[in-house]
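Just below is one structure, and these are the notes that go with it.
The values are calculated or read from the model by the stated rules, or taken from the named source; none is laboratory data. Note that this is a predicted model, so its numbers are computed, not measured. Cβ placement follows ideal geometry from the backbone for every residue including glycine, while neighbour counts extend to all protein chains displayed. SASA here: full protein model, heavy atoms, side chains in, ligands and nucleic acids out. Shrake-Rupley method; radii C 1.70, N 1.55, O 1.52, S 1.80 Å.
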Amino acid sequence: MVRLSPLPLAALLLPSLIAAQSTILSSPPPPPASETACNNSPDLCSRSYSNITHIGAHNSAFLRDASTGNSIAGNQYYNATLALSSGLRLLQAQVHLHDNTLKLCHTLCDLLDAGPLETFLSSMASWLFLNPNEVITLLLVNSDSQPITSFASLFESSSLSQYGFIPTNTTTIWPTLSEMISLNHRLVTFITNITPSPSSPYLLPEFSYIFETPFNNTSPSSFTCTLDRPLSAGAASAALSSGLLPLLNHFLYVDLSSGIQIPNVDFIDSTNSPDLVTTGSLGRHAELCSGQDQWGTKPVFVLVDFFNRGPAIETGDRLNGIQGKTAGRTTLPVEGSGGAAAGAATGDAAGARGNLKAFGALVGFLGVALVVL
C-alpha cells in the first residue's frame, strides 16, 4: 500500500496561504460569503455557537511526521491548516516564552519546537481570509503566564485580530454562526492564565467561559464527565448552570519509563471511533456525558489526538445532526506517518524509547517526571 505523506499536501497549500496573507496585510477582509453553508453545513448557520459541538485538534501544532522526524511527542499527523480544511473548527496549542519569543513548544522547547506563535496565527488569518463562511476557535495554553499584551501584539501583527469575536454579554448568550459571519467576527480565542483587557476584548480567559474534563488519561476506561478545571466552578452541573461551556478532553497517554508519557497510538482507532458502545471510544464518551444523568447537553468542545483517525469528526457530525449534510471538506488519508509513528502504533516500545534519546538526558538533568501533555 502506498502511504501518502502530509508534506506534499502542505507544500501545495503553502503558496496560496502566503499569497492570501500578503493580501490580508494590504487590504481589508472581503465581505462574508452568501449563507449557503456555515462551518461546512447549511444546517449550522442558524445555530448558536454554544449549540454546536466543535471538534478540535489537541496540541494541533505538534506533528508526528517527517518534519519532526516522526517525533513520538507529536499529537497529530497533519498540520493545523489541514485540520481546518478537513472540517475541524477548534485548534489547541501550548505557548511558551523562549528566547524572548512566544513559541509553540511541546512541554519544553528542547523537546518539540513548532516555531513562533506569530507564524501559526498568520496561517490562521490566511485560512479565514480564504474561507469567509467559517467560524473557528483557538484555545492557547499560556504555559509561562505571559501578559495579555504579549498575545495581543501578535494577533495584531498577524492580522488575525480583525476576525476576533467580542462578547457583548455574559457567558450565557452566544450569537449564531450566521451572525458572527455577517460581522466577520469569525474567530473565538480562549487563553489560559490571562487577565482580560479592554484593549484586546477578543482575547478571552478560558476558565471564565469553559470547563474541562480530566486530560491525563491512560486507559480507555478512565474517560469521565467530571469537572477537572477550573476547580472554582465546583461540579460540572454547577459549571453548566453558571453558563460555562463543556470541553471534553478525549485522548490517551501511554507510560514509557521514568514517568515519561507520550500520546497513545496503539488505541487511536478505537479512541477516536464514533462507536456508541465500545468503552473508551469518542462516540461512547460523548454519549455518556450528554446523558441526562451527566450533563444533559452535548459537549461544545472536543479535543482529540490524530484527528484524521476514527475519523473523529464523525462524532461531531452526529452530535450536530449533520451526518451526510456537509460539503467543502478536504478528505485526508486515514493512515498515519511511518517510521517512529508506525513503530509506536504497533507496540514497538524499543523503537519509541530510541526516539527519546534526544531529551532523555534532559529529563535526567531536571530530575523530574516529564509528561508530554
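Numerical summary
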| quantity | calculated |
| --- | --- |
| Meets criteria (within 21 Å of Thr297 (Cα to Cα) and either of a type in the set (A, V, I, L, M, F, W, C) or in contact with a helix residue (DSSP H, G or I) (Cβ under 6 Å, 6 or more places away or on another chain) (or both)) for Ile194 | no |
| Any chance Leu204 is under 30 Å from Pro42 (Cα atoms) and surrounded by fewer than 14 Cβ atoms within 10 Å (Cβ to Cβ) | no |
| Scan of region 275-289 for residues that are more than 14 Å from Ile313 (Cβ to Cβ) and surrounded by fewer than 22 Cβ atoms within 10 Å (Cβ to Cβ), ordered by number | Asp275, Leu276, Val277, Thr278, Thr279, Gly280, Arg284, Glu287, Leu288 |
| Search result, residues across region 133-171 that are touching a Phe, Trp or Tyr at 6+ places or on another chain (Cβ under 9 Å) and free of Cβ contacts under 8 Å to residues at least 40 places away in the same chain | Gly164, Phe165, Ile166, Pro167 |
| Every residue from region 95-125 that is assigned to a loop (DSSP other than H, G, I, E, B) and either under 17 Å from the mean Cα position of the chain (by Cα) or in contact (Cβ under 8 Å) with a residue 12 or more places away in the chain (or both) | His106, Thr107, Leu108, Cys109, Asp110, Leu111, Leu112 |
| Asn272 being surrounded by fewer than 21 Cβ atoms within 10 Å (Cβ to Cβ) and either touching a residue at least 12 places away in the same chain (Cβ under 8 Å) or more than 19 Å from the chain's Cα centre (by Cα) (or both) | no |
| Matching residues, region 64-75, being in contact with a Pro (Cβ under 9 Å, 6 or more places away or on another chain) and either of a type in the set (S, T, N, Q) or part of a loop (DSSP other than H, G, I, E, B) (or both) | Arg64, Asp65, Ser67, Ile72, Ala73, Gly74, Asn75 |
| Some residue of region 31-46 being small (Gly, Ala, Ser), open to solvent by 50 Å² or more (accessible area, probe 1.4 Å), at pLDDT 95 or above and assigned to a loop (DSSP other than H, G, I, E, B) | yes |
| Of residues in region 290-317 being in contact with a Pro (Cβ under 6 Å, 6 or more places away or on another chain) and part of a helix (DSSP H, G or I), the one least open to solvent (accessible area, probe 1.4 Å) | Thr315 |
| Phe151 assigned to a helix (DSSP H, G or I), within 19 Å of the chain's Cα centre (by Cα) and at negative phi | yes |
| Among residues of region 226-277, those that are hydroxyl-bearing (Ser, Thr, Tyr) and within 18 Å of Arg64 (Cα to Cα), counted | 2 |
| Some residue of region 135-144 being in contact with a helix residue (DSSP H, G or I) (Cβ under 8 Å, 6 or more places away or on another chain) and farther than 25 Å from Val300 by Cα | no |
| Test: residue in region 257-269 that is under 23 Å from Asn40 (Cβ atoms) and either touching a Cys at 6+ places or on another chain (Cβ under 9 Å) or at pLDDT 95 or above (or both) | no |
| Unique match (being within 19 Å of the chain's Cα centre (by Cα) and either under 26 Å from Phe211 (Cβ atoms) or crowded, with 18+ Cβ neighbours inside 10 Å (or both)) among Ile166, Ile191, Ile173 | Ile191 |
| Single unsatisfied condition, Leu90 versus (1) surrounded by fewer than 22 Cβ atoms within 10 Å (Cβ to Cβ); (2) under 13 Å from the mean Cα position of the chain (by Cα) | (1) |
| Residue list for region 228-255, filter: open to solvent by less than 30 Å² (accessible area, probe 1.4 Å), at negative phi and either in a loop (DSSP other than H, G, I, E, B) or in contact (Cβ under 8 Å) with a residue 40 or more places away in the chain (or both) | Pro230, Ala236, Leu244, Leu245, Pro246, Leu247, Leu248, Asn249, His250, Phe251, Leu252, Tyr253 |
| Selection count where residues are touching a residue at least 40 places away in the same chain (Cβ under 8 Å) and either open to solvent by less than 40 Å² (accessible area, probe 1.4 Å) or in contact with a Pro (Cβ under 6 Å, 6 or more places away or on another chain) (or both), scope region 207-218 | 2 |
| Matching residues, region 76-94, being hydrophobic (A, V, I, L, M, F, W, C) and in a strand (DSSP E or B) | Leu90, Leu91, Ala93 |
